[in-house]
Amino acid sequence: MRSLYKTFLFGAVLSMASPMVANSSFRAVSWNPPKIVNGSPCLFKVQLTNAATTVNGKWQGHELTFVPSPDGKTWYALAGVNVDTKPGAYKLELQATLESGVVAEFARSVNVERANYPSEELHVPERYVKPDPETMVRIEEDQKLKRAAFSHEEGVEWSGQFQPPIDTTVSEGFGTRRTFNGQLASIHRGLDYHAAPGTPILASNSGEVVLARELFYEGNCVIIDHGFGFSTIYMHFSRLEVSEGQKVKKGQELGLSGATGRVTGPHLHVAVRWQGEYLNPAQLWTLPLPDLHPTTVAGKKQPAPGNWRSEPTTQPEN
């Protein structure tokens, strides 16, 4: 009798918890670009059979927060893969809380392939390679400012496709392994654009300015938080036109290009960061994204997401 009572009590406790269901509530899980490489930004798309109140996920040790379409059945998460990530299969885990209160779960593997990036050697003033003690104090203060900027938490501000901040050619691509004066090795975690001094630099998408000031390496620098840990960084301005705490729209002028900070000449350096990972801006500019806030860019129709790699939810994990 005591055993029967324990069985009954255990069943009652289970019935009080949120009901769990398998992946039948997930109609399709997709990602774009279809081929993800180290350094890729990517957009995950979850399509449900019933409307949900929240959809969350985990991938490569990162938390994914999804935002919904108006019907609550299609959800999006903008994410990415660090340039140092090794090729392989990485498990994507999803959880959706449906309007009925049912919690649905789903998991599968997403492959990351290897990208080939070049190498180069650069020569800059020696003080940028071997800073003196006084300069090291400033660099450490700069690091604190950047950490504070990147820790800023904002809801989704971006909408539609990101755009290049300047209409010119690229002087150096993303992922290049660089040697400064034959001593300091690093990876170029952004894009360099040819930019004559005084060229207007525009916001790649809407967001909040979380840093706008001069830094040692970056020169006059602007960081925009686009929401959920996604930000863009712009460096080497000759003049800034925005201030910290200011909301900006896609295409709004941030300042004028220049040659401040550690540079070999006038240019614009732009970087894309997601939860501490640096992503390839050139791939972000071409990534179709949903129009979450149709009024963000007046008079411009945003492209609908396309070129999806769709994985049926009944397919077994790799």
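Annotations
- FRET efficiency for the residue 63 to residue 241 pair, using the beta carbon distance and R₀ = 41 Å, is estimated at 0.75.
- Protection proxy ranking, highest mean first, for peptides 93-102, 257-266: 257-266, 93-102, where packing is the per-residue count of other beta-carbon atoms within 10 Å, averaged.
- D_trans [Stokes-Einstein, Kirkwood Rh over alpha-carbon pairs] for the stretch 119-285, 20 °C, 1.002 mPa s, µm² s⁻¹: 134 µm²/s
- Annotation: peptides 152-165, 63-76, 36-49, ranked by per-residue average of other Cβ atoms within 10 Å with the highest first, follow the order 36-49, 152-165, 63-76.
- Computed extension length for residue 100-residue 35: 19.9 nm, one decimal, from 0.36 nm per residue of separation with the Cα-Cα distance subtracted.
- With a threshold of 31 Å on the Cα-Cα distance, the over-threshold entries among 86/146; 86/144; 45/250; 35/144; 146/250 are 35/144.
- Paramagnetic label zone (point 7 Å from Cα along Cα-to-C-beta, residue 177; backbone N under 15 Å) in the stretch 82-104: 83-87
- For residue 91, the residues whose modelled amide H falls within less than 5 Å of its own, excluding neighbours fewer than 5 places apart on the same chain, are 60, 110.
- Sequentially through the stretch 193-210, phi angles give Karplus couplings (6.51, -1.76, 1.60; θ = phi - 60°) of 10, 4, 8, 5, x, x, 6, x, 10, 10, 5, 6, 6, 7, x, 10, 6, 9 Hz, Gly and Pro residues having no value and appearing as x.
- Near residue 257, the amide H atoms lying under 5 Å from its own belong to 198, 199, 201, 238; only residues 5 or more places off or on other chains count, and H is placed 1.01 Å from N.
- Distances between placed amide hydrogens fall under 5 Å for residue 80 paired with 42, all partners being 5 or more residues away or on another chain.
Throughout, read-outs are computed from the coordinates displayed, never taken from laboratory work. Not measured: the values here are computed from a predicted model. When we count neighbours, we look across all protein chains shown, and the Cβ atoms used for this are built from the backbone with ideal geometry, even at glycine.
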